Amino acid sequence: MLLVCALMRAILHLQIVVSFAERLTGFQLLSTGRSSRFRRLKEGFAFQGLPMIIAILNQKGGVGKTTLSVNLAAALALSGKRTLLVDADPQASALDWQAARKGESLFPVVGIAKPTLHKDIPGLAGGYEHVVIDGPPRANDLAKSAIMAADLIVVPVQPSPYDVWAAEEIIKLYQEASLFKEHLKAVFAINRKIGNTAIGRDVGAALKSYPFPLAVSFISQRVVFAESAASGLSVLEAEPKGPAAKEIRSLMQELLEF
Ligand SMILES: Nc1ncnc2c1ncn2[C@@H]1O[C@H](COP(=O)(O)OP(=O)(O)O)[C@@H](O)[C@H]1O
Ligand SMILES: [Mg+2]
């Protein structure tokens, strides 16, 4: 009896701590899909039956969130993984990309541009191995909700220190969330690298002051990204053996092993 009372008190205390933390950060920690989310936090991606959720986020527009989202989702789907793409941008570019497509779709795209994303995804993601979230161009409640839903955050940046500094707000959201989401991971990914130029020392220095690393794989500036997007294709379909497809596959692999 004494043991049961002590246990109940411990649970009550845990709930108070969690709700206090939620209020403090504005993040809803365990309030949806509580048990499955808790298991995921404990066991990482290894837990069978739960998808790995990758959110592509940066509050700056034009950095390549949608480009990376559709191409990474395509790379996952083409490698045989059941993949869902969630368009969390009110501008709905990923949905437009899918609509421009003539042939069969590689993966479904659903639009959820609402801060209930983290509550909605568990209900939609059953049966998928991977969910990619194309994030909004703001560090708002919608972005918070995407962070809540995610296991891994990818922050695309162009190879300029200005672009790295511009990611500050999303990094702050990540830091707040990671205080309570122990297993939340994040990585920068360079997009639009020009030719053979090295990533500048100034970019490296700007990145060093941030709490997560830069992916080794990078994506170069290539017209095939824009050209393929115009017809709702990924670069892996437009030029399967091309360098853009190779870079996307390499980034996908790195993210899966991250
Ligand atoms: N690696 C790249 N090479 C060439 N064009 C790119 C590349 N990445 C993105 N773009 C182009 O840059 C523009 C903005 O990219 P987008 O993915 O829409 O950014 P975001 O979703 O962050 O606003 C688009 O026209 C896209 O085709
Ligand atoms: Mg976009």
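Just so you know, all these numbers are worked out from the coordinates, no wet-lab data involved. Predicted, not measured: the structure shown is a model, and the values here were computed from it. Virtual Cβ from ideal backbone geometry, glycine too; neighbours counted across all protein chains shown.
Modelled spin-label separation between Ser105 and Gln253, with each label point placed 7 Å from Cα along the Cα-to-Cβ direction: 2.9 nm. When each of the peptides 59-65, 127-133 is scored by the mean number of other C-beta atoms lying within 10 Å of its residues, the order from highest to lowest reads 127-133, 59-65.
A simple spin-label model places pseudo-atoms 7 Å from Cα toward Cβ; at Lys114 and Gln91 they are separated by 2.3 nm.
Over 29 Å between C-alpha atoms is what I'm after, so list which of Lys144/Lys241; Lys65/Lys241; Lys65/Lys246; Lys81/Lys172; Lys144/Lys246 land there. List each step's numbers first, then the result.
On the way: Lys144/Lys241 37 Å; Lys65/Lys241 23 Å; Lys65/Lys246 18 Å; Lys81/Lys172 32 Å; Lys144/Lys246 31 Å.
With Cα atoms farther than 29 Å apart: Lys144/Lys241; Lys81/Lys172; Lys144/Lys246.
Residues of the stretch 55-81 with the amide nitrogen closer than 19 Å to a label point 7 Å from the Cα of Ser160, along Cα-to-Cβ, please. Taking a point 7 Å out along Cα→Cβ of Ser160, the residues of the stretch 55-81 whose backbone N falls under 19 Å are 58-68.
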